[in-house]
Amino acid sequence: MGLLRSLVMMLLLICFLWLPGYRAQLPNSAHELDVLLQDYAYRALVRPRTGLPYDGAVPSDLDGIKIAALRLRSGSLRRKGVAMYKEFQIPVGVIEQPYVERLVLVYQNLGNWSQRYYSLDGYTYLAPVLGLLAYNASNLSATNLPLLDIRASGNPITIKFSDVKLAPDGYVAMCVWFDLQGNPNFSNVASGNECSTIQQGHFAIVVNSTALPPAPVSPPPRERRKKKTSKVWIIVGSVLGGLLLLVLLSFLVLWVHKLKERKKMQQMERAAEVGEALQMTSIGETKAPAAMVTRTQPTLENEYVP
């Protein structure tokens, strides 16, 4: 019984001593994470071929992070660039300082660890943080290597994010670039999911969750009453205006009708003043007016007998 108790106590002591050391393996900062991911990315370069990307594996504690390594010649990188390395499109003209014959571009996708190592107060990530860092490739078993300084001397490096959430209505998505000191720098998003840079670092698409879109301002009750009153007066004025126009049109029609009747009466009066027109008759070769009916019949004197 005493032996069993001793074994249990020993196991508990081992677990107590082992767990702090186990947890201490997790990087405490973004820089420590870069150092660890460089080591694991280089482990994927076993007899690598130049110009081909190799996916690496991360410790199980960092599940969700994806890494890859791409070995290149410096001259080839400068003259040809890289058509597509994961989400990164690297143009011609990229140079490194200090100069090395070969270099390795380490790719990082921090996934659900983005907020932990690159926390941005007041911002929400719409895409995971992606990293592109350059190291010397002269010794592929080296760890804790210093970073090379790479810059695009012509066209910028383009990052085409493949997993981007839609920005909420009223919010504007922005690109964020974290430099090697972890300082954020913001710029506009192109084509909905593209960002650009001339330097290496870490990149993401975010939205400022503190900048709420302006809500529609409702007018005070007095102004609302004024607006309602003005609408009523507009309607009443429109109705009265329509009725007035209808009355004016009616008067115009009556005036035209009376004017026509007056002209007709004037024509009849002028015809009466001229008198009745006589018919014309021919007497030989001469035409003369002739009356149709005489008013008084002639009477001979000898017809009256006293």
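Kindly provide the chymotrypsin sites (Phe, Trp or Tyr not before Pro) of the range 90-159 that DSSP labels as loop, not H, G, I, E or B, and whose Cβ sees at most 14 other Cβ atoms within 10 Å.
Sites meeting the loop and neighbour criteria: Y99.
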Seminar exercise, completed: Here the net charge surrounding V92, from other residues whose Cβ is less than 12 Å away from its Cβ (Lys, Arg +1; Asp, Glu -1), is +3
Seminar exercise, completed: Total charge of the residues flanking G182 in space, meaning their Cβ is under 15 Å from its Cβ, with Lys and Arg +1 and Asp and Glu -1, is -3
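If a/c stays under 1.5 just call it rounded; otherwise compare a/b with b/c (prolate if a/b is bigger, oblate if not). Do that for the range 32-164, with a ≥ b ≥ c from the square roots of the Cα gyration tensor eigenvalues. Don't skip to the answer; put the middle values down first.
Working: a/c = 1.82, a/b = 1.27, b/c = 1.43.
Judged from the Cα gyration tensor, the range 32-164 comes out oblate (a/c at least 1.5, b/c at or above a/b).
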Exercise. For S29 and Y99, FRET efficiency with R0 = 30 Å and r from the beta-carbon atoms, rounded to 0.05?
Worked result: 0.55
Problem set entry | Accessible surface, per residue, of the range 25-208 when the full set of protein chains is kept, probe 1.4 Å, Å² | 50 Å²
Exercise. What is the sum of charges around N155, taking Lys and Arg as +1, Asp and Glu as -1, for the other residues whose C-beta is under 15 Å from the C-beta of N155?
Worked result: +4
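Got a sec? What order do L248, L259, L33, L145 fall in by accessible area at 1.4 Å, biggest, i.e. largest, first?
L248, L259, L145, L33
The values are calculated or read from the model by the stated rules, or taken from the named source; none is laboratory data. These figures come from a predicted structure and were not determined experimentally. Ideal geometry is used to build each Cβ from the backbone, glycine not excepted, and the neighbour counts take in all protein chains shown. Side chains included, ligands, DNA and RNA excluded: accessible areas come from the protein's heavy atoms. Shrake-Rupley method; radii C 1.70, N 1.55, O 1.52, S 1.80 Å.
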